[in-house]
Each structure stands twice: as structure tokens, then as C-alpha cells.
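Here's the structure we're looking at; comments come further down.
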Amino acid sequence: MSSFDFPKYQANQEVGNTGEAFFEHFVTKELGCIYRKVHREHDFGIDGYIDIVNNGVVSGRSVAVQIKCGDSYISKVTSGGIKYLGDNKHLNFLINHNVPVILVVLNSDCTKGYWVEFSVNATNPSSKSWWIEIPFENQLGTLDMTSLCDIAGIAEDYSEDIKVSWAINSAMDEQSDISFVLSKEEVEELDLSGINQMMERYFRTKDLLISNRNKTVFWIFGYDDDSRELYEIPEVRRWFKFTLEQGVPWFYLLDVGADHMSLPINMYSCCNISVNKLSCGSKSVVISSVSDINNWVEVNFENLNRFADEKKIPDNILKEVSEKVITSVHRLVAG
């Protein structure tokens, strides 16, 4: 044989390609959907994706597909259906996949085909692999738009939500300051979704990120009937300490002006304090240890610097924010 022989097209390659070509044709012609093939070098257990098209509209919903073609794949049967064998190395991959997965088996000439939605709860261990039963009644012809939509979920029309979101952004952009309203429920559940959404809206462009620095004033409602100050309430104190642990960049967010209580409430909540009621009815706050203040400042600056690095905030802006905060903290500590 010549050393310059031609590459060989193996029989198993031909069968595999035939099966995938058949399934792509089925998806395109019978279902009216889009089939996106995964190239061999990127095939780690998923052969392709079905992008669902409904009445000519590409919905954004998809289903992943693993295809096996060959008589041997449909020859293994149980009393209820085809015994689909899978590699253990693919099991974690399929479980973690971010879209639903269906498993398809075809005989060599593609005259018989079966399918089932993958679910780890339906799998069984084998000696060196896992298997799942594909019911005999799940012939390929039963895979239709109804079953695909049941698997992938119905696409929703978010048109009104988009309009509302843009209207909110527009209204927020017109405000001179940022009022962040926090509920008692959010405090007690250590819920940071509200503050994360606020930052996402107010900092959605680089220009807004810069212009909206040090503009936030927060309000907590739900404690109106509580005679204690917010920084005396254990749940509020716990929430603020939690925000520091989670890296909330308070020194970039808060309006640190002398006429706002946002910064003092934050500091008092994170430090050990004693509160004394004065004869005039107001309260004085004494922080138990200077080290508490130093720790609060240090953690907040760590969060500020991390945030600045992530958002590529210019050094001159970071310097301005830092100096403004230091001035406010000195004023606050001096009483």
C-alpha cells in the first residue's frame, strides 16, 4: 500500500453524519424550527440545538439535543422502551446544561427514531455508565411543537416590561439625587436584590457611573412604629454588616453631605455603640472602640477600590470620592 494513501471515511462516521443530517431535516421541514449543529471539535455531549420558531417568530427558547444513530443503539430494550446508554463523563454536563436536553436514537437507515427529555431523576446506574428508558411510544414523529414548547417553556412578550423599565430609567435620570427605598422584609431576609438593581440602573453607562457618584440617600420603611433609631435595630445592623461582607461600595454610592443621615446610620450600624437619651429628647451615640471605626473605614475602602477597579473608574474621580468620604468621616467622628 502506498504511503500516500487517502484518508478513510469510516462506516461509523457515515452513520453518525446520516443520523444528524436526517434529524436536521426533520427539525427544519417537519417542525419548522432552526437546527444549530455543534461542530465536532466543540462536541462534549451536545450535538446541536433546536431554536424554536412559532408562527415565523424565533422565540429565544431552545432545546439541546444529543443524537445517537446506529442499529446497536435501538437494539438494547427494556420491557417499556429503548435502553439509552450514556457515558458517565456526560452526566454532570447534561445536568448542568443551561437549556433542557432531549436524547434521540435512530437506527442506521433512519427509518426508526425515538426521543425522551433528559432528567437525572429518570436515570439509572449501569456498570460503567448510566441509562435512561425511552418509551416505545416516544417515536420521533411524536416530537412536535407542543412537546417542544412544554420542554423549553413558552416565550413571553416583554414589550410592556421594556417600556416600563425605560420609563423608570428616564425618570431616575432626571433626579438630582438617588433615593433608595429599602423595605423591612428586605432587611430581615438579607436581600440585596434591590440595591443591585438600583446600581444596575443608575450605573448602566460610563457617563452615568461617573455622574451618579455620591448621590444615594437610603430610606428604610417598616419600622415607623419602632421607637429605636434604625442603627439600634438588630436586623438593620445585621443587614448593613452583611452589605459590607458582600462588597457593596457604600463610599461610592452614599451622599456623604452633612445634611444627610445615610453615612452615620451606616457607620453606627456596623460599630458597637452605646446610645444615650438626652434631656432634650434627642440621642447621643458613642462608638465603643476606635478600632471599630477603623475597621469599618478599611472594609469600605476595600470595597470602593475593588468597585473602582472593576468599573475602570478614573483615578481622579476615585481620589475625589475618597477625599470627600474622609472629610465626612472625620466630621462625623468629631461629633
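The values are calculated or read from the model by the stated rules, or taken from the named source; none is laboratory data. For clarity, every value in this text was computed on a predicted model and none was experimentally measured. FYI the Cβ positions are ideal-geometry reconstructions off the backbone, even for glycines, and counts take in every protein chain you see.
Considering (1) out of contact with any His (no Cβ under 9 Å at 6 or more places or on another chain); (2) under 20 Å from LYS312 (Cα atoms); (3) buried (at least 16 other Cβ atoms within 10 Å of the Cβ), say which one ILE195 fails and leave the rest.
Here ILE195 meets the rest and fails (2).
Checking the conditions here, which among SER75, SER59 is touching a residue at least 60 places away in the same chain (Cβ under 8 Å), among the hydroxyl-bearing types (Ser, Thr, Tyr) and either at positive phi or out of contact with any Ser or Thr (no Cβ under 9 Å at 6 or more places or on another chain) (or both)?
SER59
Mind listing just one residue for me: the one in the stretch 9-28 that is at pLDDT below 90 and of a type in the set (Gly, Ala, Ser) and, of those, surrounded by the most Cβ atoms within 10 Å (Cβ to Cβ)?
Per the stated criteria, the residue is GLY19.
Give all pairs with beta carbons closer than 7 Å in which a residue from the stretch 173-197 that is more than 17 Å from ARG213 (Cβ to Cβ) and touching a residue at least 40 places away in the same chain (Cβ under 8 Å) meets a residue that is assigned to a loop (DSSP other than H, G, I, E, B) and charged (D, E, K, R); count only pairs at least 6 apart in sequence or on separate chains.
none
Looking for something farther than 18 Å from PHE26 by Cβ and part of a loop (DSSP other than H, G, I, E, B) - is there at least one such residue anywhere in the stretch 56-67?
Yes.
Hey, LYS163 hits all of (1) in the same structural domain as ALA21 (by TED's automatic domain parsing); (2) modelled with pLDDT of 90 or more but one; which does it fall short on?
(1)
Yes or no, residue by residue, for (1) without any contact (Cβ under 8 Å) to a residue 40 or more places away in the chain; (2) farther than 19 Å from ASP71 by Cβ; (3) of a type in the set (A, V, I, L, M); (4) buried (at least 17 other Cβ atoms within 10 Å of the Cβ):
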| position | (1), (2), (3), (4) |
| --- | --- |
| HIS97 | no, yes, no, no |
| ASN107 | yes, no, no, yes |
| TYR114 | no, no, no, yes |
| ASN121 | yes, yes, no, no |
| TRP130 | no, yes, no, yes |
| ASP150 | yes, yes, no, no |
